[in-house]
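Remarks on the structure that follows.
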Amino acid sequence: MLYFYTMYPPKTYTVDEALKRLERYCTYQERCHKEVAQKLIEMKMIPEARDLIIGHLITHDFLNEERFARAFARGKFRIKKWGKQRIQLELKRKHINNTIISLALSEIDDDEYLLTLNELSERKVATIKDKNHQKKRKKLADFLLYRGWESQLVYDKIRELIP
């Protein structure tokens, strides 16, 4: 392993090169500050350069936490069928503040939210082969809770689908 590094030293970037690379990185997909900072650390940029680049990305609107959070919430709900609790947890892991998380979660329409829960539950119940009602309830509950659906909604849905 040591031989590899002496033969091929790690790539270094000037501030301008890193800036252009990060502009492309943020243009490709919405990013949060944490992801950009991590990318800069991987690029071995010094803290002053990181601050300069992040400042530039924010002022030129390549980086916007609110826009990121809204897109993240919509995408994870529509594509992965995550509930609000899971989305909130993942946004907190990305160091998004609570006000922005609330705005992002407001992007999800309540009627669509309940409709998605209903479809997801019915599809899962159809795939559970267990004859024992308790085991069937537990499997459905585990499935929905893991995806971040609120426990009260989950238990109401279980009572409705598995009497």
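For region 76-85, which residues satisfy the criterion of being out of contact with any Lys or Arg (no Cβ under 6 Å at 6 or more places or on another chain) and surrounded by 14 or more Cβ atoms within 10 Å (Cβ to Cβ)?
Matches in region 76-85: LYS76, PHE77, LYS81, LYS84, GLN85.
Sort through ARG67, ARG93 and tell me the only one that's exposed (fewer than 12 other Cβ atoms within 10 Å of the Cβ) and under 15 Å from the mean Cα position of the chain (by Cα).
Just a single option satisfies the conditions, and that option is ARG93.
Being closer than 29 Å to LEU103 by Cα, of a type in the set (Gly, Ala, Ser), touching a helix residue (DSSP H, G or I) at 6+ places or on another chain (Cβ under 8 Å) and outside the structural domain of HIS95 (by TED's automatic domain parsing) is true for just one of ALA18, ALA49, ALA37. Which residue is that?
Being closer than 29 Å to LEU103 by Cα, of a type in the set (Gly, Ala, Ser), touching a helix residue (DSSP H, G or I) at 6+ places or on another chain (Cβ under 8 Å) and outside the structural domain of HIS95 (by TED's automatic domain parsing) holds for just one of ALA18, ALA49, ALA37, which is ALA37.
Among (1) surrounded by 14 or more Cβ atoms within 10 Å (Cβ to Cβ); (2) modelled with pLDDT of 95 or more; (3) more than 27 Å from GLN29 (Cβ to Cβ), which single condition is LYS157 missing?
So the condition that LYS157 fails would be (2).
The values are calculated or read from the model by the stated rules, or taken from the named source; none is laboratory data. This is a predicted model, so every value here is computed, not measured. A quick note on method: Cβ atoms are made from the backbone with ideal geometry, for glycine too, and the neighbour counts reach across all protein chains shown.
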